[in-house]
Amino acid sequence: MTNEVTAIVPATARLVAGPDEAWVTVTYKEADTFDLPRPVPFTHGTKEQWRAWAQEMMRTGGIPGRPMDLNADLSNFSVEPVPRDPTHPGGLDFNRVLIRPKTDYGC
Amino acid sequence: MLIAVVGVGALGAQVVALLRNVRATIRVIDFDRVEAKNTESQFHGRPGNGKPKVVALGSLMDFLWGVKLQQRPHRLTSDNVRELLSDANLVIDCLDNAPSRTIVQNFVRANSVPCLHGAVDANGTCGRVYWDERFEIEPVGAPGAATCENGEHLPFLTVVAAYIAHSTKEFVAKQRRFSYQVTPTSTILVYAS
């Protein structure tokens, strides 16, 4: 059965993010890192908005190749905006938002 | 060059092992002692049981590769941080708690000492290898919590340690600073300078 959203945005598609937009990369559970299928507002977005959008898309099955997860919960996750930095070799040429578990351990 | 590695548990001990051929003197700082369970999750062997981790690691590095470490079996505090870190050219933070990280961060920022932080989440799903200018301390959980228990996450912690060592070597050789987000299935180069 084809999910409607999947049909519109195949997992292999890669849109171009504008200078005021960002790709959102979510690291959720082990071996579960994925991008939201389309860019989000970066310059005028907030951490709370990015987190809410990502969580909503996870809960509604809006992420191609990823099953709907009604219990998806990003409330305790860190949200880090990473501005584009094309001036350095290896620097990103697009804005990015990283959503990931909090990391405070080093052992 | 003097590299100070603060915390030589699951991350720090692996980092030191991977830096065995770096052109620098390595100082290791940790107050803790090796317990039997540590040998499952850290670069510590059974002969080190009961010894201070810095002493056990120093013996192991010397025995395996003839590498001499500067050993400081102390708990890093705001009272001794200057004594322990003031002559370091690079600090590598592999601590397991936010208060100690804060002491390190305050010192390196006040004294413009390059500092690389290694941090992982409690479930072994995500790690960060970040240079200090981009590193925000995230105070959750309890010190020394279950990340290291029973060696469950040893392979992943070793991967994170490898990125710390790689970033360190890039800095030592070329003054480049790479910051990474690491997961068991992917790595993102987050910042480069």
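The values are calculated or read from the model by the stated rules, or taken from the named source; none is laboratory data. The shown structure was predicted, so the numbers you read here are calculated from the model rather than taken from an experiment. Neighbour counts are summed over all protein chains in view; Cβ atoms, including those assigned to glycine, are modelled from backbone coordinates with ideal geometry. Heavy atoms of the whole protein, side chains included, go into the accessibility calculation; ligands, DNA and RNA do not. Shrake-Rupley method; radii C 1.70, N 1.55, O 1.52, S 1.80 Å.
The table for this structure:
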read-out: Distance (nanometres) between label positions extended 7 Å along Cα→Cβ at B:A110 and B:R23; value: 3.3
read-out: Value of relative contact order over chain B, rounded to a whole percent, pairs C-alpha under 8 Å and six or more apart; value: 22
read-out: Loop-located trypsin sites (Lys or Arg not before Pro) in the stretch A:57-107, at most 15 other Cβ atoms within 10 Å (DSSP); value: A:R84
read-out: Area buried, chain B against chain A - accessible surface, total, 1.4 angstrom probe, square angstrom; value: 2700
read-out: DSSP H segments from chain B that extend 20 Å or more along their own axis, Cα-based, with Kyte-Doolittle mean of -1.0 or above; value: B:154-174
read-out: Probe 1.4 Å, protein heavy atoms only - accessible area per residue of the protein assembly as shown in square angstrom; value: 46
read-out: Rg and Dmax of the protein assembly as shown, Cα atoms only, in Å; value: 20.3, 65
read-out: A:W53 accessible area, 1.4 Å probe, all protein chains in place, Å² to nearest 10; value: 90
read-out: Sequence-distant residues sharing a close amide H with A:V82 (under 5 Å, placed H); value: A:R96, A:V97, A:L98
read-out: Percent accessible area from carbon and sulfur atoms, the protein assembly as shown, protein chains only, probe 1.4 Å; value: 51
read-out: Inter-label distance for B:S59 and B:R75, nm, one decimal - labels placed 7 Å from Cα along Cα-to-Cβ; value: 2.4
read-out: Computed accessible area, A:D93, all protein chains, 1.4 angstrom probe, square angstrom; value: 100
read-out: Simple label model, 7 Å out from Cα along Cβ direction - B:K68 to B:A162, nm; value: 3.2
read-out: Heavy atoms of B:K174: accessible area, 1.4 Å probe, square angstrom to 10; value: 120
read-out: Size of chain B as Cα extents on the principal axes (Å, biggest first); value: 41, 36, 31
read-out: Helical mean residue ellipticity (222 nm; -39500 (n - 2.57) per DSSP H run of 4+; nearest 500) of the protein assembly as shown; value: -8000 deg cm²/dmol
read-out: Listing of the stretch A:33-67 residues, each with accessible area lower by at least 20 Å² in the full protein assembly than in the chain alone (probe 1.4 Å); value: A:T33
